[in-house]
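S.K.: Structure incoming, see below.
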Amino acid sequence: MMGGNGPLFVQARASAIRRLSEEVWDVLIIGGGITGAGIALDAVSRGMKTAVIDMQDFAAGTSSRSTKLVHGGLRYLRQFRVGMVAEVGRERAIVYGNAPHVTVPIKMLLPIYRDGSFGKFGIPGVAAGLWLYDRLAGVRRKERRRMLDARETLRREPLLREAGLSGSGMYVEYRTDDARLTIEVVKKAVTLGAVALNHVKAVELLYSATRRLAGVAAEDRISGERFDIRAQQVVNAAGPWVDDIRMLDRSRQGKTIRLTKGVHLVFDQGRFPLRHAVYFEAPDGRMMFAIPRNGKTYIGTTDTDFAGDPAEPGVTMEDRHVLVEAANAMFPSLQLTIGDVEAEWSGVRPLIDEAGKSPSEISRKDELFRSPSGLITIAGGKLTGYRKMAEKVTDLLVREASRHGSASWGSCVTRTLTLSGGDFGDEAHFPAYVHKMMNVGVSLGLTERTASALVHRYGSNVQEVFRHLEREVTESQRHGLPMDLYASLQYGLEKEMVVLPSDFLVRRTGMALFDIHAARAHYRGIIRVMADAFGWTEAQSKAQESEMAKLLGLR
Ligand SMILES: Cc1cc2nc3c(=O)[nH]c(=O)nc-3n(C[C@H](O)[C@H](O)[C@H](O)COP(=O)(O)OP(=O)(O)OC[C@H]3O[C@@H](n4cnc5c(N)ncnc54)[C@H](O)[C@@H]3O)c2cc1C
């Protein structure tokens, strides 16, 4: 699709492909969602020669389609899995500490209704449960739960149903941007020497004469070019597609993956003016989230078995009805309709099948499989546990390498490894850093709000984004784009491997989900800039325009 003599960015991609095909890698990871990205970072930071490919964009699978929470594991407490609560709580603190610009603690209300399933425990019962959770998960003192009576609960969130409300528990969850968390992990891995390439698909597996896995045959889905990638070890981190890769390896035996679909809907705050994040029980007894975010409110999720193409799980009218009804039951004064939905997304959970269980009962735990050919598959899991999963996989890679007499590698260092964009000191320094950089942004002509949004999105990398502001004001005017958008796009092209407009609009900026009007206003300008950057023909630009118009609900 990409053609002509597109300059720098095309050359950068071509040279990455050349390296992938000419060198032999200690490890090749199939899949650049949070799981594959985490493994790439762990492996390269122990000194392994590491490559990671994704057949779509990084995080375009499940890792940009979650509820966007780095959970503390409250769900596991309900299942009395005490050890899991402790591990997840510890991991949450690490994920936050390594990149406080991507993850923010937010207060969450858990309303207790006399007719709901928490009602039977009463306020003292829920208080005791949350107390236990705080201790097990090692929640910091200032973030520990508070119990509120009905009056105080309604003062904090007046939209909540009043009838039957006996009070609430207020605890802290960590809100993140799943796609940006993934890209910050990928970028850090690249900084340490990994080669990471999006839009490259593993189409076949390659074996030695003794049927040991030796690499993959890959296809660049942008140019159509085919090439081989040779590697000592191959990891299958293909999320919902892990069984497809195991089929290629003829090792899809034993436990298999079960896909369940989850949908989220986005409303403007003007229509759904939620002040406080709420974790609530839907009429069918399932737990759902309603979360305010940058002038919008999103709710989710559904949980239904899924059998179609995981790349396009889609949203049905039934999905929308379920969520709108759940929102209206909990926030009855709103009387939302499907017509109020501004944007939506759906994703599929790659869960390890447990026969006889309903979608929401299946455990979210991760598991590792090693096939006779040496293919290492990691399946299941959550965003929250990505670092720990990566540690387990990389430990196995290290053991396997030493068994085969290859080099010996060290132990995991990611616990304290700052992600890309996190170089401003620890989380306590972030507010002062935001303030300082906001002033820099304002001095370059941005409003305080825009400057602050950029610092929150890019962390310490905002300095590079600002450099584009200094240099390229007239260019942004030429393309009719706001300065901040143009600078973000240039940074995305240079440092975040933006290849297609949706990479930028959906996953690098989240505009298609949380700022749909700006996305609709500017997608053509964005495509013009990208056409210049990649040397697209008129026909190629038109094809991209029509793709984007569809994605943004304009067609
Ligand atoms: C609705 C929903 C809500 C969720 N909410 C949360 C939450 O709030 N908090 C939380 O912690 N977790 C949550 N999760 C779970 C979490 O999102 C997933 O566990 C996680 O994103 C899975 O990441 P992954 O990297 O394993 O898979 P993916 O992100 O799907 O990555 C796999 C990648 O492999 C690539 N790939 C596949 N085949 C090939 C091939 N042949 N060649 C090259 N590349 C290939 C795909 O393109 C894809 O990008 C949620 C999940 C869903 C569906």
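S.K.: Just checking, does segment 262-274 include any residue being more than 29 Å from Ser363 (Cβ to Cβ) and free of Cβ contacts under 8 Å to residues at least 24 places away in the same chain?
M.R.: yes
S.K.: When you scan segment 502-509, do you find a residue that is surrounded by fewer than 22 Cβ atoms within 10 Å (Cβ to Cβ) and polar (S, T, N, Q), even just one?
M.R.: Yes; the residues of segment 502-509 include at least one that is surrounded by fewer than 22 Cβ atoms within 10 Å (Cβ to Cβ) and polar (S, T, N, Q).
S.K.: Quick one: is Gly314 modelled with pLDDT under 95 and either within 21 Å of the chain's Cα centre (by Cα) or more than 23 Å from Ser64 (Cβ to Cβ) (or both)?
M.R.: no
S.K.: On to the next question. For segment 21-37, what are the residues that are surrounded by 24 or more Cβ atoms within 10 Å (Cβ to Cβ) and touching a Phe, Trp or Tyr at 6+ places or on another chain (Cβ under 9 Å)?
M.R.: Ile30, Gly31, Gly32, Gly33, Ile34, Thr35, Gly36, Ala37
S.K.: How many residues are touching a helix residue (DSSP H, G or I) at 6+ places or on another chain (Cβ under 7 Å), of a type outside the set (A, V, I, L, M, F, W, C) and at pLDDT 95 or above when one looks only at segment 233-259?
M.R.: 4
S.K.: Sticking with this structure for a sec: So which pairs qualify, if the first residue must be in segment 46-58 and in the same structural domain as Ser408 (by TED's automatic domain parsing) and within 7 Å of the ligand (Cβ to nearest atom), the second must be aromatic (Phe, Trp, Tyr) and not in a strand (DSSP E or B), the Cβ gap must be under 9 Å, and the two must be at least 6 apart or on different chains?
M.R.: Note: pairs meeting the criteria are Met55/Trp241.
S.K.: Does at least one position in segment 214-224 carry a residue that is in contact with a helix residue (DSSP H, G or I) (Cβ under 6 Å, 6 or more places away or on another chain) and within 28 Å of Trp409 (Cα to Cα)?
M.R.: No, the conditions are met nowhere in segment 214-224.
S.K.: Let me ask something additional. State whether one or more residues within segment 248-258 are without any contact (Cβ under 8 Å) to a residue 40 or more places away in the chain, among the hydrophobic types (A, V, I, L, M, F, W, C) and assigned by TED's automatic domain parsing to the domain that holds Gly31.
M.R.: no
S.K.: Based on what the data block shows, is Val190 in a helix (DSSP H, G or I), over 19 Å from Ile291 (Cα atoms) and more than 16 Å from the ligand (Cβ to nearest atom)?
M.R.: When the stated conditions are applied, Val190 passes them.
S.K.: Could you look through segment 205-226, keep only residues that are closer than 27 Å to Val499 by Cα and in a loop (DSSP other than H, G, I, E, B), and pick out the one that is nearest to the ligand (Cβ to nearest atom)?
M.R.: The residue in question is Arg221.
S.K.: Something else about it: Condition first: among the polar types (S, T, N, Q) and within 21 Å of the chain's Cα centre (by Cα). Now tell me which residues in segment 265-311 satisfy that.
M.R.: Asn294, Thr297, Thr301, Thr302, Thr304
S.K.: Another question about this same structure. Can you find even one residue in segment 26-45 that is over 25 Å from the mean Cα position of the chain (by Cα), within 22 Å of Gly239 (Cα to Cα) and either hydroxyl-bearing (Ser, Thr, Tyr) or not assigned by TED's automatic domain parsing to the domain that holds Ser346 (or both)?
M.R.: Scanning segment 26-45 turns up at least one residue that is over 25 Å from the mean Cα position of the chain (by Cα), within 22 Å of Gly239 (Cα to Cα) and either hydroxyl-bearing (Ser, Thr, Tyr) or not assigned by TED's automatic domain parsing to the domain that holds Ser346 (or both).
S.K.: Being within 28 Å of the chain's Cα centre (by Cα), part of a helix (DSSP H, G or I) and either within 23 Å of Leu192 (Cβ to Cβ) or at pLDDT 95 or above (or both) is the filter here, so list the residues in segment 402-428 that pass it.
M.R.: Answer for segment 402-428, where residues must be within 28 Å of the chain's Cα centre (by Cα), part of a helix (DSSP H, G or I) and either within 23 Å of Leu192 (Cβ to Cβ) or at pLDDT 95 or above (or both): Thr414, Arg415, Thr416, Glu427.
S.K.: Among the residues of segment 439-463 satisfying the criterion of being of a type in the set (Ser, Thr, Tyr) and within 15 Å of Glu184 (Cα to Cα), which is nearest to the chain's Cα centre (by Cα)?
M.R.: The residue in question is Tyr458.
S.K.: Only one residue in Leu454, Leu446 is hydrophobic (A, V, I, L, M, F, W, C), assigned to a loop (DSSP other than H, G, I, E, B) and buried (at least 21 other Cβ atoms within 10 Å of the Cβ). Which one?
M.R.: Answer to the check: Leu446.
S.K.: Out of all the residues in segment 409-430, which are under 19 Å from Glu464 (Cα atoms) and without any contact (Cβ under 8 Å) to a residue 24 or more places away in the chain?
M.R.: Within segment 409-430, just Gly425 meets the criteria.
S.K.: Okay, moving on. All but one of (1) away from the ligand (no atom under 15 Å from the Cβ); (2) in a helix (DSSP H, G or I); (3) surrounded by 23 or more Cβ atoms within 10 Å (Cβ to Cβ) hold for Ala40; which doesn't?
M.R.: Unmet for Ala40, out of (1) away from the ligand (no atom under 15 Å from the Cβ); (2) in a helix (DSSP H, G or I); (3) surrounded by 23 or more Cβ atoms within 10 Å (Cβ to Cβ): (1).
S.K.: Counting only residues that are of a type in the set (Gly, Ala, Ser) and in a loop (DSSP other than H, G, I, E, B), which one in segment 16-37 is farthest from the ligand (Cβ to nearest atom)?
M.R.: Ranking the candidates gives Gly32 first.
S.K.: Turning to a different aspect of this structure: Take the conditions of a type in the set (S, T, N, Q) and either within 12 Å of the ligand (Cβ to nearest atom) or surrounded by fewer than 22 Cβ atoms within 10 Å (Cβ to Cβ) (or both) and apply them to Thr62. Does it pass?
M.R.: yes
S.K.: Restricting attention to segment 401-426, report how many residues are among the charged types (D, E, K, R) and touching a Lys or Arg at 6+ places or on another chain (Cβ under 8 Å).
M.R.: Counting residues in segment 401-426 that are among the charged types (D, E, K, R) and touching a Lys or Arg at 6+ places or on another chain (Cβ under 8 Å) gives 1.
S.K.: Restricting to segment 196-218, count the residues that are within 22 Å of Ile39 (Cβ to Cβ) and without any contact (Cβ under 8 Å) to a residue 40 or more places away in the chain.
M.R.: Selection size over segment 196-218: 4.
S.K.: Evaluate segment 78-85: report whether one residue or more is within 9 Å of the ligand (Cβ to nearest atom) and either in a loop (DSSP other than H, G, I, E, B) or in contact with a Phe, Trp or Tyr (Cβ under 7 Å, 6 or more places away or on another chain) (or both).
M.R.: For segment 78-85, residues within 9 Å of the ligand (Cβ to nearest atom) and either in a loop (DSSP other than H, G, I, E, B) or in contact with a Phe, Trp or Tyr (Cβ under 7 Å, 6 or more places away or on another chain) (or both): absent.
S.K.: Taking into account only those residues within segment 364-396 that are under 13 Å from Gln233 (Cβ atoms), more than 14 Å from the ligand (Cβ to nearest atom) and not β-branched (Val, Ile, Thr), which is surrounded by the fewest Cβ atoms within 10 Å (Cβ to Cβ)?
M.R.: Only one residue tops the list, namely Arg370.
S.K.: Now a separate question. Are there any helices (runs of 4 or more DSSP H) wholly within segment 483-555 with 3 or more residues that are free of Cβ contacts under 8 Å to residues at least 12 places away in the same chain, and if so which?
M.R.: By residue number, 516-534, 538-551.
S.K.: Restricting to segment 526-542, count the residues that are surrounded by 14 or more Cβ atoms within 10 Å (Cβ to Cβ), over 12 Å from Leu505 (Cβ atoms) and hydrophobic (A, V, I, L, M, F, W, C).
M.R.: Residues meeting the conditions: 5.
S.K.: Does Glu173 fit the bill of being surrounded by 15 or more Cβ atoms within 10 Å (Cβ to Cβ) and either without any contact (Cβ under 8 Å) to a residue 12 or more places away in the chain or farther than 23 Å from Ile53 by Cβ (or both)?
M.R.: Yes, satisfied.
The values are calculated or read from the model by the stated rules, or taken from the named source; none is laboratory data. The structure displayed is predicted, hence computed values, not measured ones. Glycine also receives a Cβ, built like all others from the backbone with ideal geometry; neighbour counts cover every protein chain displayed.
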